[in-house]
Amino acid sequence: QADGMSEVGKGTLTTHVLNTATGLPAAGLGVRLAQLQEPGLQWMELAHRHTDADGRCQPLLAPGQAKAGTYRLHFETAEYWQGLGHTSFYPFVEVVFIITDPAQKLHVPLLISPYSYTTYRGS
């Protein structure tokens, strides 16, 4: 996209998912990234990944791809727990956050168990 290049920074967006019931990384969990579009407040999907054996995936925003705005990480937790033979109280987890400085590196980890989840801004 040629427009808005001045606001594009060098930041990246990464995540890490940890299964706190086992203390192990959550492998094979689907993660989708979307950005809130103005006007109309529609979500536009930017990336779809699956976590690797370490609970991580390729950056959801590559360097230079981040723009200021509101974003949503959608974690497909029900499929993950079903794969382990568990049911999950939360069919998915969505984390909505704002990028104000596109040059920053953002890390948004997720800690999950069948009946709880926690997220925070990591480094």
Inset, instruction - Kindly provide the helix-only [θ] at 222 nm of the chain, computed as the sum of -39,500 (n - 2.57) over DSSP H runs of four or more divided by all residues, to the nearest 500 deg cm²/dmol? - result: -1500 deg cm²/dmol
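If I stretch the segment between Phe89 and Gln58 completely, what's the gain in nm (0.36 nm per residue apart, minus their alpha carbon distance), one decimal? Intermediate results must be reported in sequence, preceding the final value.
Numbers: separation 31, 0.36 × 31 = 11.16 nm, distance 2.75 nm.
Here the segment from Phe89 to Gln58 would lengthen by 8.4 nm.
Based on Cβ point charges of +1 for Lys and Arg and -1 for Asp and Glu, what charge dipole magnitude is obtained for region 12-119 about its Cα centre, in debye rounded to the nearest 20? Write down the numbers at each step before the final one.
Details: 6 positive and 8 negative charges, 29 e Å.
Once rounded to the nearest 20, the dipole reads 140 debye.
Starting from the coordinates of the alpha-carbon atoms of the chain, obtain the Kirkwood hydrodynamic radius over all distinct pairs and give the value in Å to one decimal.
Details: mean 1/r = 0.0670 Å⁻¹.
Answer for the chain: a Kirkwood hydrodynamic radius of 14.9 Å.
The numbers here are math on the coordinates, done by the rules we state, and not lab data. These figures come from a predicted structure and were not determined experimentally. With ideal geometry, Cβ positions are generated from the backbone for all residues, glycine too; neighbour counts draw on all protein chains shown.
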